[in-house]
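Peer 1: Dropping the structure in here first, questions after.
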Amino acid sequence: MSAIAVRADRRFRRHHVKPARRRRRWPALVKPALQYGVLGVLLAYGLYRGGAVAAHAHVLQIDRIVVRGNERLSKGELLAMLNGLRGESLVWTDLDAWRRRLQASPWVREAALRRSLPSTVEVVVSERQPMGLGRINGEMYLVDEHGLIIDQYGPQYADLDLPIIDGLATTDGGSLTDEARAEFAARLIGSLRAKPQIARRLSQIDVADLHNALVILNGDPAVLQLGDDQFLPRLQSYLDLAPTLRERVADIDSVDLRFDDRVYVRPAGKPARAIEQKR
C-alpha cells in the first residue's frame, strides 16, 4: 500500500495563538503624581509657615484698643477687663471670648469687638440703663427694666435722679429680684415719659401687688393707688384734683385712683371716703 501525502493543516487555530502583552504604563503615571504631590506638600507647608510668621509678626500684634459707647464705665475699667488682649495676634485671637468677658460686667448689655489692620481692636459697648433704685433687704441697688442688679447705690451715682422701687424682692429664695415685678415697674415708669414734668415728680413706687401699683410724688406724702394700667391719666387726674382734695381733707393718707368716675380718699387715721370726679 503506497503512502498518501497529507497536506499540513494551515487553518487558523485560536487556541494556539497567544495575545501580545500590553506594556504596563503605571510607572509613567506614578512618577509625575509623586512629583506633583511633593510640590503640593511643600507649597502647603510654605503657606502655613508664611501665615504663622505673618501672624506673629510685630505688625499684626494688637497694640491699640479703641473703646466707644461707654458712659458710666470708664475707659480704664473696660481696658482692665481686656487685660491680656494687647500683644496677642490680631489674626488668631478669639474675640468672642473677649466679648464674653466684657459682658460679664453688670453694666455691659452688649459688646462688639472688631479687628482693624494693622494692629487695632475696636470695642463698642452698650450699657444697661438703670430705671430706679431697688430697695432690697434694706440696701439700695441700681436695677434695670428686667430687675437685674447693676450695682449697689453709692455716692458715685448721686447725679442720677431715679425713683425708689419697693416690692422687687423675691419670696422664693432664688434671685434677689422678681422679673415680673421689675417689668411692671418699668411699664409704669415708661408710661410717664410722655409727660416729663410728671415723670420728674415720681419719688417712690411699690410693685409688691402686680395688680395695684402704689406711687408717692415729690412734695406730696399721699400714697396713690394706680391699679395696673392707665398710669399717666390717673396721675394727671390726681394732680388736677389735688387742690380740691386738700380743701376737703387736710391730712390725706392715701388716694385710690383705680375708678373712672370717683376717687377714694383716706384721711390719716380714718376710713376712706369717696369723692366724685368732675369730667
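Peer 1: Can you confirm whether ARG246 is of a type outside the set (Ser, Thr, Tyr), part of a helix (DSSP H, G or I) and modelled with pLDDT of 95 or more? Break it down into steps so the answer makes sense when it comes.
Peer 2: Details: of a type outside the set (Ser, Thr, Tyr): yes; part of a helix (DSSP H, G or I): yes; modelled with pLDDT of 95 or more: no.
No: the conditions fail for ARG246.
Peer 1: Something else about it: Any residue at all in region 106-116 that is closer than 30 Å to ASP206 by Cβ, surrounded by fewer than 17 Cβ atoms within 10 Å (Cβ to Cβ) and touching a residue at least 12 places away in the same chain (Cβ under 8 Å)?
Peer 2: For region 106-116, residues closer than 30 Å to ASP206 by Cβ, surrounded by fewer than 17 Cβ atoms within 10 Å (Cβ to Cβ) and touching a residue at least 12 places away in the same chain (Cβ under 8 Å): present.
Peer 1: Moving to a separate point now. Only one of ASP206, ASP229 is of a type outside the set (A, V, I, L, M), surrounded by 19 or more Cβ atoms within 10 Å (Cβ to Cβ) and assigned by TED's automatic domain parsing to the domain that holds ILE149; which?
Peer 2: ASP206
Peer 1: Kindly check whether there is at least one residue in region 168-189 that is in contact with a Phe, Trp or Tyr (Cβ under 7 Å, 6 or more places away or on another chain) and part of a loop (DSSP other than H, G, I, E, B). Show your work before the answer.
Peer 2: Filtering region 168-189 down to residues in contact with a Phe, Trp or Tyr (Cβ under 7 Å, 6 or more places away or on another chain) leaves 188.
Filter once more, keeping what is part of a loop (DSSP other than H, G, I, E, B): none.
The answer is no, given that none of the residues of region 168-189 is in contact with a Phe, Trp or Tyr (Cβ under 7 Å, 6 or more places away or on another chain) and part of a loop (DSSP other than H, G, I, E, B).
Peer 1: If I ask for residues that are part of a loop (DSSP other than H, G, I, E, B) and buried (at least 16 other Cβ atoms within 10 Å of the Cβ), which ones from region 70-87 would you list? Before you say what the answer is, go through the steps one by one.
Peer 2: Pass one, region 70-87, residues part of a loop (DSSP other than H, G, I, E, B): 70-74, 82-87.
Across region 70-87, the qualifying residues are ASN70, ARG72, LEU73, LEU82, LEU85.
Peer 1: Could you tell me whether any residue of region 179-193 is at positive phi and assigned by TED's automatic domain parsing to the domain that holds ASP144?
Peer 2: So in region 179-193, the residues at positive phi come out as none.
Scanning region 179-193, I find no residue that is at positive phi and assigned by TED's automatic domain parsing to the domain that holds ASP144, so the answer is no.
Peer 1: Kindly provide the set of residues from region 209-226 that are part of a loop (DSSP other than H, G, I, E, B), more than 30 Å from the chain's Cα centre (by Cα) and surrounded by 15 or more Cβ atoms within 10 Å (Cβ to Cβ), ordered by number.
Peer 2: LEU226
Peer 1: Related question: Against the condition aliphatic (A, V, I, L, M), more than 16 Å from VAL263 (Cβ to Cβ) and free of Cβ contacts under 8 Å to residues at least 24 places away in the same chain, how does ALA199 come out, does it pass? Before you say what the answer is, go through the steps one by one.
Peer 2: Values: aliphatic (A, V, I, L, M): yes; more than 16 Å from VAL263 (Cβ to Cβ): yes; free of Cβ contacts under 8 Å to residues at least 24 places away in the same chain: yes.
Here the answer is yes, as ALA199 does meet what is asked.
Peer 1: Please determine whether any residue of region 141-151 is of a type in the set (D, E, K, R), in contact with a Pro (Cβ under 9 Å, 6 or more places away or on another chain) and assigned to a strand (DSSP E or B).
Peer 2: yes
Peer 1: Kindly provide the set of residues from region 145-165 that are closer than 22 Å to PRO196 by Cα and either surrounded by 20 or more Cβ atoms within 10 Å (Cβ to Cβ) or not assigned by TED's automatic domain parsing to the domain that holds GLN204 (or both), ordered by number.
Peer 2: Within region 145-165, PRO163, ILE165 meet the criteria.
The values are calculated or read from the model by the stated rules, or taken from the named source; none is laboratory data. No experiment lies behind these values; they were computed from the predicted model shown. So basically every Cβ, Gly included, is an ideal-geometry build from the backbone, and we count neighbours across all protein chains shown.
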